[in-house]
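Report on the structure given below.
The values are calculated or read from the model by the stated rules, or taken from the named source; none is laboratory data. Bear in mind the structure is a predicted one, so any value in this text is a computation, not a measurement. Neighbour counts run over all protein chains shown; Cβ positions are idealised from the backbone, glycine included.
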Amino acid sequence: MNNKIKKIITNVRVIILLVFLVLAVVSISPRPFVDGVAIGNVLTNSSASIAGIQQPSPGTRPVSRERILEINNKPVENVEDYYNFADNLEINQSIQVKTNKRLYILTAKEEFDVIELNETEQKEIEEIVKVNKTINGTLTEVNETIKKIVRVQKTKRISKGVEDVGLRVFEASKTNIRKGLDLQGGTRVLLQPEQILNPSDLGTLMDNMQERLNVYGLTDLILRDASDLSGNQYILVEIAGANENEIRDLLAKEGKFEAKVGNITVFSGGRKDITFVCRSADCAGIDPHQGCSQSGGGFVCPFRFTIALTLEAAQRQADATRDLSVIQHPQGGAYLSEPLRLFLDDTEVDQLNIAESLRGEASTNIQISGSGVGASQQEAVFDALNNMKSLQTVLITGSLPVKLNLVKIDVVSPILGEEFLKNALFVGLLALVSIVVIIFIRYRKLEVAIPMLFISVSELIILLGVAALIGWNIDLAAIAGIIIAIGTGVDHQIVITDETLKGESRMIFNWRERIKSAFFIIMAAYFTLFVAMLPLVFAGAGLLKGFAITTIIGASIGVFISRPVYAKLLEILLRE
Amino acid sequence: MEEEVEKKDRLSGIKHFYEKQYKKLLIIPFALLFIAILLIGLKYATTGDFINRDVSLKGGVTVTVPVEINIDVLSLEGSLRADFPGNDINVRLLSKLGGQVGFIVEADVIQDEANLLIEKIQQRTNLKLSEKDYTIEIIGSSLGASFFREIIIALLIAFLFMGLVVFIYFRTFVPSVAVILAALSDIVVTLAIVNLLGFKLSSAGIAAFLMLIGYSVDTDILLSTRVLKRREGTIMERIFGAAKTGLTMSLTTIVAITVALFFAQSEVIRQIMSILLIGLFVDLINTWIQNVGLLRLYLERKEKKQNYNKSNEQ
C-alpha cells in the first residue's frame, strides 16, 4: 500500500495536476473571513479624492481592492454601515478613514447650489495676455498678467448641506472569481433618445451601443427597447461592473468625433474613414517620449495611439493641407500654419501640429494624442488611459445616430437572487456525490470511485482558477459550461475505467494499450465538442460566447491535465 | 425460480428483437424527429416563435415602485406567480448608495393587464400606491432581433465541423452523418417536448439545449469507435459492450440531474436540469436505436459489397 502511495505522489502527471491545483487556489485566493467594505469608485474632486484615496484601476483583482475597515475608529462591517455613516455627516467634519492600506483624513465639504440672479455686478478679474516686449534688444513674447473690470451676472450660493464624500463601496469580495450580471446584479440605466426613432433606426442605435460597450470592455450587459404607457421611447441597459461615470461617458454622449484642418473636416469616427485603431501596447498608451509632468496643483499625462485612415480620408487631409504655409517653431521643428484639431461632440479635445513633411501628402497613418489630469501621477495616468479608451471607442464605432438623455440610473439586485449561488453549489456537490455512489455500485471498487471524485473536484477548482486569472465573469451561461465540462469529464472517466477493466478480460496486459484505446475515444469526443463550440464563440451574442468558452476551457483542462491522471491512478491502484 | 427463467426469457427476447429488427426499430427515432419538426413548425406558424419565451426573452411590463421599505423579494415573487399562474414574473430590488430604494416587477402580461398587476402588488405588499408612486414601462426582448438567426447559423457551422472531425477520425461519412443526426435529433425532439410541457424558456434554457450537444457527442463517439475501430467479437457483442459503458454514463448523469432537480430551489437550475433530463432520455433513443441502426445498415451493405466482389473474383 505504502508503495502505491509513493508511486502516486512521485508520478509526473500527478505532480503537474497538483501544481495546477495550487496555482488555481492562489488565483482564486479565497478569503472567507475578509472584513470591511471594498472601494469601488472615487468621484473626481470629491473629499475622498482630495484626501488621496485612489480610484481602483479596472484591472485590480477583486480581493486586492482597497478595503475600508474603520471610520472614526468604528468598524465598518457592511455597505449599510458605511452609508449610514456617510448620510449623517456635518459640514467641515473631519473623518478618519482607515483602510487595509493606510489612514486617510477627509473633510466633509459643503455643497452649494448656484442660482443666477436677475442683475449684474462688476467684478475684477485677472487675465494672462501675451505681449511682445523688447528685452536686451531682442523681441520676445512674454506672458503678462493684467487686471480687468467686467460686468457679470450676479449669482447667489445656497447651501445644500453636506456634499457627498465621493466614495462608492460594495461588499468586499471573498474570492477573485468575478460574478456576472445575473449573479451579482448591476447598474440599470434608462435612456431616452432625443427624438423618436423608427424601429430600424432604433435597432441600429442599439447595435451601435452594444458595440461601443463591448469595445470598452463591458461585455456583460443586456440592452432592450422600452416604452411607457404614453408612448415615449426608451432604451433600458443593464451592465455589470461599470461605474456611473463610464456609463454617462459611453451611453449618454453621442460620441461624434471629427478631425478638422481649418474648417474642413478631414475625417470622422467610425469605419467609413478609419480602417484601424491601435489598442496594443506597442502603439497605444502613455507617451513614453514625454512622460507625465507636474502642472499647477496636479499632474498631466499625455497619451497617444496610432490609427489608419482610408485612402479617401487621407486624400482629404492632403487637399486640406496643400495650401498651408510652414512656420518654424521656436523649440525647433517646422509645422504647418493650421493644426489638426480633434473635436468630440463639438468640443475641441486636442490640437495636433502637422509636420511640414506631411503637407499635401496622402498619409494613411496618423498618431492621435491627448492627455489626462489628476491630483497624483497615478490618478493622471488612470485618467489619461480612460480618456484614451473612450476616444478609441468612438473612433472605432462612430457616433450614435442621436443623443440619448439619461433618465434614471439604479443598482439592481441579481435576477437569480442572493441565495442562488449557495444553493447551486450545494446542489452541485450533491450531484457529484450521487455520481460517485452510482460508480461505486457499478464497479464495487473504492479505487475507482474516490479517484473519480478527486479528479472531478480538481477539474472544477482549476476551471474556476482560470476564470479568476483571466477575469472571466461567471454567469449562468458559464455555470452551464462548467456543468457540461464536469459532466463529460465523468463520462470520459467511465470510458477510461471500462476500457482498462475490460482489458483484463481481453487478456491485454499492457496498460499502455488499454489507456491508449480509452484516450482514442476521449480525444475524438473532445475534438468534436471543441469544434462544435467554436462557431458559438464567434456568434456574437454574449450568452453563447460565455457558454462556449467555458466549455472549451473546461474540457481542455480535463483532457490534457486531469483525465490522464485518472488513468494513471487506476493503473497504480488496480494493477496487480 | 420459474419467474427468474421467465424474466431471463423476456430479456433475451428483447435482446433478440433489438438484434434482429433494428431496421423496424429505426422507425421510432425518425418518426419522433418527424413529429417534432412538425410540432415546432406548427408552433412557428401559429405563434411566430419556435419556443415559449420567459419575460426576459419576450419582454412585457416592468413596474418600478420606489418605496424605501424592506420587501421580501422571494415571497412577493412567489405570491405574484400564484396570482398570475400563466405568466412569468420576476421581482428584483433597486438600491442606491447601499440602501434599498425600491423594487421592480417584471411580468410578461399584456399592457391591458398592467392595472391588475399593480392591484395585486398593492395587495401583496400592503402598500397604497397612487399613479404617481410607480412607473410602468413596456420592455422589449433582451435578445437582439438577430439572436436566433445567429444561433441557427452557428449551430449549422458547428454541425458541419463536427461531421468533418468525425470523418477525419473514421474515414467514412456514415458515422459523421450519424453524429450530426443524433445531435440534431436530440435538440429538436427535446425542444418539441419542452414546448408541449409549456416551459417558458430563459436564456439559461437555451444554454441547456446547447449542453445536449456535449452529452450527445460522448455516447455517439464511444459507439462509433467500438463498432468501427475494434476487431474483437461480433458487431453485436461490440454494440452491447459499448451500451454497457454508454448506459453507465447516461445513468450517472440522469441520477445526478434527478438529485439536482430535487434539491434545487432556483427556478433556473430546475429548468436547465429538466431540459437535460428530457434530452438524455431522447439521446438514449437516438444513440442506441438511431445511431446503432445506421451503423449496422452501413456495415451490412459493406459486407454484401465485399461478398459480391469476392464472388466476382472467383
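Here is how the numbers come out for the structure above:
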| quantity | calculated |
| --- | --- |
| Residue within the stretch A:46-53 that is among the β-branched types (Val, Ile, Thr) and closer than 30 Å to A:Asp383 by Cβ present | yes |
| So B:Val189, is it in contact (Cβ under 8 Å) with a residue 12 or more places away in the chain, surrounded by fewer than 22 Cβ atoms within 10 Å (Cβ to Cβ) and either closer than 20 Å to B:Ile254 by Cβ or more than 7 Å from every other protein chain (Cβ to nearest Cβ) (or both) | no |
| Test: residue in the stretch B:170-179 that is among the aliphatic types (A, V, I, L, M) and within 11 Å of chain A (Cβ to nearest Cβ) | yes |
| Residue check for A:Phe520: modelled with pLDDT of 90 or more, surrounded by fewer than 24 Cβ atoms within 10 Å (Cβ to Cβ) and within 28 Å of A:Val25 (Cβ to Cβ) | no |
| Condition met for A:Thr321 (hydroxyl-bearing (Ser, Thr, Tyr) and touching a helix residue (DSSP H, G or I) at 6+ places or on another chain (Cβ under 7 Å)) | yes |
| Check on B:Leu297, surrounded by fewer than 23 Cβ atoms within 10 Å (Cβ to Cβ), within 16 Å of the chain's Cα centre (by Cα) and either at pLDDT 90 or above or in the same structural domain as B:Ser202 (by TED's automatic domain parsing) (or both) | no |
| Filter result (of a type in the set (A, V, I, L, M), closer than 21 Å to A:Val559 by Cβ and crowded, with 17+ Cβ neighbours inside 10 Å) within the stretch A:9-30 | A:Val14, A:Leu17, A:Leu21, A:Ala24 |
| Residue in the stretch B:241-253 that is of a type in the set (A, V, I, L, M), surrounded by 14 or more Cβ atoms within 10 Å (Cβ to Cβ) and modelled with pLDDT under 90 present | no |
| Complete set of residues in the stretch B:154-186 that are surrounded by fewer than 16 Cβ atoms within 10 Å (Cβ to Cβ) and under 20 Å from the mean Cα position of the chain (by Cα) | B:Leu156 |
| Residue match in the stretch A:64-78 (condition: within 30 Å of A:Tyr216 (Cα to Cα), out of contact with any helix residue (DSSP H, G or I) (no Cβ under 8 Å at 6 or more places or on another chain) and of a type in the set (A, V, I, L, M, F, W, C)) | no |
| Yes/no for B:Asp83 being crowded, with 20+ Cβ neighbours inside 10 Å, in contact with a strand residue (DSSP E or B) (Cβ under 9 Å, 6 or more places away or on another chain) and more than 10 Å from chain A (Cβ to nearest Cβ) | no |
| Some residue of the stretch A:419-433 being outside any strand (DSSP E or B), over 31 Å from the mean Cα position of the chain (by Cα), crowded, with 23+ Cβ neighbours inside 10 Å and facing chain B (nearest Cβ under 7 Å) | yes |
| Tabulated pairs, the stretch B:241-258, first facing another protein chain (nearest Cβ under 7 Å) and free of Cβ contacts under 8 Å to residues at least 12 places away in the same chain, second surrounded by fewer than 23 Cβ atoms within 10 Å (Cβ to Cβ) and part of a helix (DSSP H, G or I), C-beta under 6 angstrom, 6+ apart or interchain | B:Thr248/A:Arg442; B:Thr252/A:Ile438; B:Val255/A:Ser434; B:Val255/A:Ile438; B:Ala256/A:Ser434 |
| Given (1) under 26 Å from A:Gln392 (Cβ atoms); (2) not in a strand (DSSP E or B), number of the condition A:Asp164 does not satisfy | (1) |
| Search result, residues across the stretch B:51-90 that are over 25 Å from A:Gly40 (Cβ atoms) and among the β-branched types (Val, Ile, Thr) | B:Ile51, B:Val55, B:Val61, B:Thr62, B:Val63, B:Val65, B:Val67, B:Ile69, B:Ile89 |
| Qualifying residue in the stretch B:105-117 (condition: crowded, with 19+ Cβ neighbours inside 10 Å and out of contact with any strand residue (DSSP E or B) (no Cβ under 8 Å at 6 or more places or on another chain)) | no |
| Residue ID - surrounded by the fewest Cβ atoms within 10 Å (Cβ to Cβ), chosen from residues in the stretch A:395-413 that are part of a strand (DSSP E or B) and away from chain B (no Cβ under 14 Å) | A:Asn405 |
| Count - residues of the stretch B:216-230 that are more than 7 Å from chain A (Cβ to nearest Cβ) and crowded, with 24+ Cβ neighbours inside 10 Å | 6 |
| Answer from B:Val101, B:Val91 - the residue that is assigned by TED's automatic domain parsing to the domain that holds B:Leu116, part of a strand (DSSP E or B), modelled with pLDDT under 80 and not polar (S, T, N, Q) | B:Val101 |
| Filter result (facing another protein chain (nearest Cβ under 9 Å), over 25 Å from B:Ile28 (Cβ atoms), touching a helix residue (DSSP H, G or I) at 6+ places or on another chain (Cβ under 7 Å) and assigned to a helix (DSSP H, G or I)) within the stretch B:262-286 | B:Phe263, B:Val268, B:Ile269, B:Ile272, B:Met273 |
| Any hit, the stretch A:275-290, residues being in a strand (DSSP E or B), within 30 Å of A:Gly52 (Cβ to Cβ) and free of Cβ contacts under 8 Å to residues at least 40 places away in the same chain | no |
| Neighbours by Cβ (under 6 Å, 6+ apart or cross-chain): first from the stretch B:130-158, at the interface with chain A (Cβ under 10 Å from one of its Cβ atoms); second of a type in the set (Ser, Thr, Tyr) and in a helix (DSSP H, G or I) | B:Ser142/B:Ser56 |
| Hits in the stretch A:249-296 (condition: at pLDDT below 75 and among the basic types (Lys, Arg)) | A:Lys253 |
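One line per residue, one yes/no per condition, for (1) of a type in the set (Gly, Ala, Ser); (2) within 29 Å of A:Val407 (Cβ to Cβ):
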| site | (1), (2) |
| --- | --- |
| B:Lys20 | no, no |
| B:Leu42 | no, no |
| B:Gly48 | yes, no |
| B:Arg53 | no, yes |
| B:Gly59 | yes, yes |
| B:Val63 | no, yes |
| B:Val67 | no, yes |
| B:Ile71 | no, yes |
| B:Ser79 | yes, no |
